[in-house]
């Protein structure tokens with residue numbers, strides 16, 4: 001995401017001082033997810049994360065253990081979308097383009113769709 005340079009004050013020629021942001025991660029927990037589902041309403045966007053532990057490709061049922069739910073305002077979701085888009089572009093610039101369509105097609109073939 002492009003960042004906007006702070007506007008300078010004409011009388012001082014300096015950028016106005018903004019608040020300093022410090023992140024407190026003392027109670028943070030880590031979770032790995034290989035599944036994400038998104039739903040929304042007018043007031044919120046809900047992200048649900050979980051783990052698919054189905055190692056058998058021929059399973060008739062796949063159980064996904066959900067472990068995290070994040071509820072965002074639509075504005076926060078838009079900012080997250082822009083940030084994620086930027087991160088993916090940087091990743092692909094370093095490591096090459098990811099063809100998500102090919103991954104989805106392979107998953108559907110293995111599921112017998």
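Based on what the data block shows, is residue 78 surrounded by 12 or more Cβ atoms within 10 Å (Cβ to Cβ) and either touching a strand residue (DSSP E or B) at 6+ places or on another chain (Cβ under 9 Å) or modelled with pLDDT of 95 or more (or both)?
Numbers: surrounded by 12 or more Cβ atoms within 10 Å (Cβ to Cβ): yes; either touching a strand residue (DSSP E or B) at 6+ places or on another chain (Cβ under 9 Å) or modelled with pLDDT of 95 or more (or both): yes.
Spelling it out, residue 78 is indeed surrounded by 12 or more Cβ atoms within 10 Å (Cβ to Cβ) and either touching a strand residue (DSSP E or B) at 6+ places or on another chain (Cβ under 9 Å) or modelled with pLDDT of 95 or more (or both).
Might you let me know whether the stretch 23-34 holds any residue that is under 22 Å from the mean Cα position of the chain (by Cα) and surrounded by 10 or more Cβ atoms within 10 Å (Cβ to Cβ)?
Yes, the stretch 23-34 contains at least one residue that is under 22 Å from the mean Cα position of the chain (by Cα) and surrounded by 10 or more Cβ atoms within 10 Å (Cβ to Cβ).
Looking at 43, 56, which is the one that is at pLDDT below 85, exposed (fewer than 11 other Cβ atoms within 10 Å of the Cβ) and part of a loop (DSSP other than H, G, I, E, B)?
On the way: 43 fails: at pLDDT below 85.
From the options 43, 56, the qualifying one is 56.
Taking only pairs six or more apart or across chains, which ones have beta-carbon atoms under 7 Å, a first residue in the stretch 78-102 that is farther than 21 Å from residue 44 by Cβ, and a second residue that is in a helix (DSSP H, G or I) and modelled with pLDDT of 95 or more?
98/92
Which condition from (1) surrounded by 12 or more Cβ atoms within 10 Å (Cβ to Cβ); (2) within 25 Å of residue 53 (Cα to Cα); (3) at pLDDT 90 or above is the one that residue 105 breaks?
Single failed check for residue 105: (3).
The values are calculated or read from the model by the stated rules, or taken from the named source; none is laboratory data. On a predicted model such as this, the values are computed, not experimentally measured, just so you know. Virtual Cβ from ideal backbone geometry, glycine too; neighbours counted across all protein chains shown.
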